[in-house]
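What follows is a set of notes on a single structure, which appears directly below.
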Amino acid sequence: MTFRRKITTLAVLSLLLFAFWAVSLRLGDYGISFGELWTLLAEKLGLGPGDSSLKVHGIILFQARLPRALLALSAGLSLSVAGALYQACFRNPLVEPYILGVSSGAAAGAALSIVFPHVFPQGQLSSFVFALLSVYVTYTLATMRGETPAVALVLSGIIIASVFSAFVGVMKYLAMDTQLREITFWMMGGLYYASFFDVALNLGAGLPVLLLMSLQGWKLNILTLGDNEARSLGIDPKRFRLAAVAAATLLAAFCVSSCGIIAWVGLMVPHAARLFFGPDHRALIPGAALLGGFYLLVCDTMARTLTAAEIPLGIVTSVTGAPYLIWLLRSRGRIIYGG
């Protein structure tokens, strides 16, 4: 694919994303027409007169649907970019943003805040801190001999994830019925309590990483060739890999602390982006960000509109993501494995 076609594809995806974002704002149990939506947004931005008859519509839009839609976009961006970075750094098409124990650590922090709210009163902060703690322990374990091979990081992540998962099991055993239910729903993922603060956190981390890694995409391309090739071309693979993994981990930690554990997005979307943009990370990173935001927004809209009782977002992404990966593996496996 030529550079011009990649830019055109990115522009088309951006337009489709904006169009569905507008559609998602009006969908729900309480319908809002496009005219009412424009009136409310124009009033909020100071571009038009208000309408007192739309007061209830405004509360629903600005306190529920708008922050939720923006959080879906930012979380999809973060998980997809993190997944693309991990797959490039580890040269493994099957790694995803939670490979270093981010999800299990965050789940442990969230479970602690639910079971012992007086000791850990802020659940989001607790899950974020434990997510970073799990990655720190993983990295420390992998570098005990002074080296940081990718295989050692992955194996250390699996070990630490198992330890934190066992800890979550202990918290479930100690939890009351209502607390156990809350832990279970948190681990299924969802945007039930989305706020503009969560949006700011995720976009504040996601957009700079997206821009920086898109500009450094040529280094990611070289890194996928191997460490020896990277050194011969003047790149320190250890230092650059550490920086990219740290950035991806930060994105995943912010996302999981805000939304819980959302499966498949970071694994599936980078492969879908390769169908459109090929393996060049200069286009793959922004393409994955757009596709991830679009995909998670579609899944969240389905989660809150398909049934009267909201479906956990993690269930929707799993149900829609697994069949796609099966099809991709059977029909386009060469894309996954770089052939």
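Exactly one of (1) surrounded by 19 or more Cβ atoms within 10 Å (Cβ to Cβ); (2) out of contact with any Lys or Arg (no Cβ under 9 Å at 6 or more places or on another chain); (3) touching a residue at least 24 places away in the same chain (Cβ under 8 Å); (4) more than 19 Å from ALA205 (Cβ to Cβ) is unmet by ALA111. Its number?
It fails just one condition, (2).
Consider GLY169 against the criteria (1) out of contact with any Gly (no Cβ under 6 Å at 6 or more places or on another chain); (2) closer than 18 Å to PHE254 by Cα: it satisfies all of them except one. Which criterion is unmet?
Of everything listed in (1) out of contact with any Gly (no Cβ under 6 Å at 6 or more places or on another chain); (2) closer than 18 Å to PHE254 by Cα, GLY169 misses just condition (2).
Of all the helices (runs of 4 or more DSSP H) wholly in the range 8-113, which have at least 3 residues that are within 22 Å of the chain's Cα centre (by Cα)?
66-90
Yes or no, residue by residue, for (1) more than 19 Å from the chain's Cα centre (by Cα); (2) touching a residue at least 24 places away in the same chain (Cβ under 8 Å); (3) outside any loop (DSSP other than H, G, I, E, B):
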residue: GLN124; (1), (2), (3): no, yes, yes
residue: VAL151; (1), (2), (3): yes, no, yes
residue: LEU155; (1), (2), (3): yes, no, yes
residue: VAL168; (1), (2), (3): yes, yes, yes
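Take the conditions more than 25 Å from LEU225 (Cα to Cα), β-branched (Val, Ile, Thr) and free of Cβ contacts under 8 Å to residues at least 40 places away in the same chain and apply them to VAL137. Does it pass? I'd like the intermediate steps shown before the answer.
Values: more than 25 Å from LEU225 (Cα to Cα): yes; β-branched (Val, Ile, Thr): yes; free of Cβ contacts under 8 Å to residues at least 40 places away in the same chain: yes.
Criteria met by VAL137.
Can you pull out the residues in the range 165-177 that are loosely packed, with under 11 Cβ neighbours inside 10 Å and either of a type in the set (Phe, Trp, Tyr) or within 9 Å of ILE114 (Cβ to Cβ) (or both)?
Hit for the range 165-177 is TYR173, nothing else.
Of the residues GLY204, GLY226, which single one is surrounded by fewer than 16 Cβ atoms within 10 Å (Cβ to Cβ) and either on the phi > 0 side of the Ramachandran plot or of a type in the set (Ser, Thr, Tyr) (or both)? I'd like the intermediate steps shown before the answer.
Details: GLY204 fails: either on the phi > 0 side of the Ramachandran plot or of a type in the set (Ser, Thr, Tyr) (or both).
Just a single option satisfies the conditions, and that option is GLY226.
FYI, it's all coordinate maths here, none of it is from the lab. Bear in mind that the values here come from a model prediction, so they are computed numbers and not experimental data. Because the Cβ atoms are built from the backbone with ideal geometry, glycine has one as well, and the counts that use them run over all protein chains shown.
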